[in-house]
Amino acid sequence: MKKKKEGNNMRRLIQSLFFLAGLLIFSYGISTAIQVQYLGLHPWDVLNIAMFDKYGLTIGTWSVIIGGILVAFSLIIDRTYISIGTFLNAFLVGPMIDLFLFLDFFPPDGVNVVFDIIVLCFGITLMGIGGGVYNSAGLGAGPRDGFMLSISDKTGFSISKVRIITESGMLIIGWLLGGPVFVFTFIYTFIQSPIFQVSFLRSSKLVRRLTQKPDQKEVAKSV
């Protein structure tokens, strides 16, 4: 019983480490992309920056507010995709973004357009890697993903259709409020999604390897 409890504690620790590491990488990626926002940002970030420019507070604070609103809607619609990880994601990413923006430790921007594109692609890559890592921990969907999955379940629409409608709506609102919409806003997903997939699959495999008990036959062979 004691060994089982220790095993569960170790599994939770490993999952927590992957989750927090993924959130840190993801948040730094967002903060890096914000440095060259004139090239265009992801629809959710367009909205966060538009709200910041229009009403003040901080970019991270708006990320928390919007994430909190989505979690509240998900709790009303369908609690299936809400877990501890959803709340942690909603309330940690924003402060992490603000922290990285305050520290201002980023690749140089403003050198020229080509270099700024490289900086943006670097940020998008980190977002894909970080997203894959924190999702591989299995602690729950983020507030935005959880919201869209809940809508998909309730309406019967495909996840891709719900994502397109939701993110297009957020993009329009952000654009109307003066958010940074440009070329990369429309190709974000095509860059980030494949990186996310590779990161998620490899991280998930590593999490399973670290959290599962070794096969007794394999242990016997190695003795």
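Quick notes
- Tallying residues that are open to solvent by 30 Å² or more (accessible area, probe 1.4 Å) and either modelled with pLDDT of 95 or more or within 15 Å of the chain's Cα centre (by Cα) (or both) within region 24-47 yields 4.
- Filtered residues of region 53-69 (kept if free of Cβ contacts under 8 Å to residues at least 12 places away in the same chain and open to solvent by less than 30 Å² (accessible area, probe 1.4 Å)): Gly56
- Tally of residues being crowded, with 20+ Cβ neighbours inside 10 Å, part of a helix (DSSP H, G or I) and not hydroxyl-bearing (Ser, Thr, Tyr) across region 168-185: 4
- Options Ser168, Ser152, Ser160, Ser203; residue that is farther than 18 Å from Ile30 by Cβ, polar (S, T, N, Q) and modelled with pLDDT of 90 or more: Ser203
- Enumeration of residues in region 98-121 that are open to solvent by less than 60 Å² (accessible area, probe 1.4 Å), of a type in the set (A, V, I, L, M) and under 15 Å from Phe182 (Cβ atoms): Ile117, Val119, Leu120
- Residue satisfying condition, being open to solvent by less than 40 Å² (accessible area, probe 1.4 Å), within 12 Å of Arg144 (Cα to Cα) and assigned to a helix (DSSP H, G or I), within set Ala90, Ala72, Ala50: Ala90
- Residue in region 127-140 that is open to solvent by less than 20 Å² (accessible area, probe 1.4 Å), closer than 23 Å to Thr189 by Cβ and either touching a strand residue (DSSP E or B) at 6+ places or on another chain (Cβ under 9 Å) or part of a loop (DSSP other than H, G, I, E, B) (or both) present: yes
The values are calculated or read from the model by the stated rules, or taken from the named source; none is laboratory data. Values in this document were obtained by computation on a predicted structure and should not be read as measured data. Using ideal geometry, Cβ is built from the backbone for each residue, glycine included, and neighbour counts are taken over all protein chains shown. For the accessible areas, the whole protein counts, side chains as well, though only heavy atoms, and no ligand, DNA or RNA atoms are used. Shrake-Rupley method; radii C 1.70, N 1.55, O 1.52, S 1.80 Å.
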